[in-house]
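Here, each number is a calculation from the coordinates, and none is a lab measurement. The structure presented is a predicted model; accordingly, all values stated were derived computationally and were not measured. A quick note on method: Cβ atoms are made from the backbone with ideal geometry, for glycine too, and the neighbour counts reach across all protein chains shown.
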Amino acid sequence: MNDKLDKLEDIKEENLIWIIYIIIIILSYYANSKEKKYLLYNDEEARREYQSLLIIIFSILVIIYYHFTKNSYEDVLKLNSSDTTKKIILTKASFIGTLLVLISGIIFLAIAVLDENIDVEIAFN
């Protein structure tokens, strides 16, 4: 029964994260309009706004990715010798995957901060 309650709590957290993702999609769409304005009209204010939006977006994503990585690592720590080989392999693979996503988010955030001329296209879809 406690396992079901834990899973329900996880679903509640995931639903909140989906709402945050929707907000990120809207922010990303708005950021693209600023990038377009900068590229078409060489508008420096639009470039600064675009870069600021990217930093905000990737900062939020890194926090989310950290949360998932932490949860996935906790799942690895909960593994025990009675778990099936398949469960052990898949749980560890899930952790590696979430860790790689976190690393990519940190790299994209660093690019957003350091690339003042927005020369590097950041694709995270």
### Query
Given the convex hull over the Cα atoms of the range 2-114, what projected area results after averaging over all orientations, in nm²?
8.3 nm²
### Query
Local charge sum around L90 (other residues, Cβ-Cβ under 12 Å, Lys/Arg +1, Asp/Glu -1)?
+1
### Query
Per-residue ellipticity at 222 nm for the chain, helices alone: DSSP H runs ≥ 4 residues times -39500 (n - 2.57), over residue total, nearest 500 deg cm²/dmol?
-30500 deg cm²/dmol
### Query
From the residues G97, S81, I17, which one has its Cα farthest along the dipole of the chain in the positive direction, the dipole being from +1 and -1 charges on Cβ of Lys/Arg and Asp/Glu about the Cα centre?
S81
### Query
In the chain, which whole DSSP H runs stretch at least 24 Å along their own axis (Cα) and average 1.6 or higher on the Kyte-Doolittle scale?
85-114
## Note on the structure
Contact order relative to length for the chain, counting C-alpha pairs under 8 Å separated by 6 or more residues, stands in percent at 24 percent
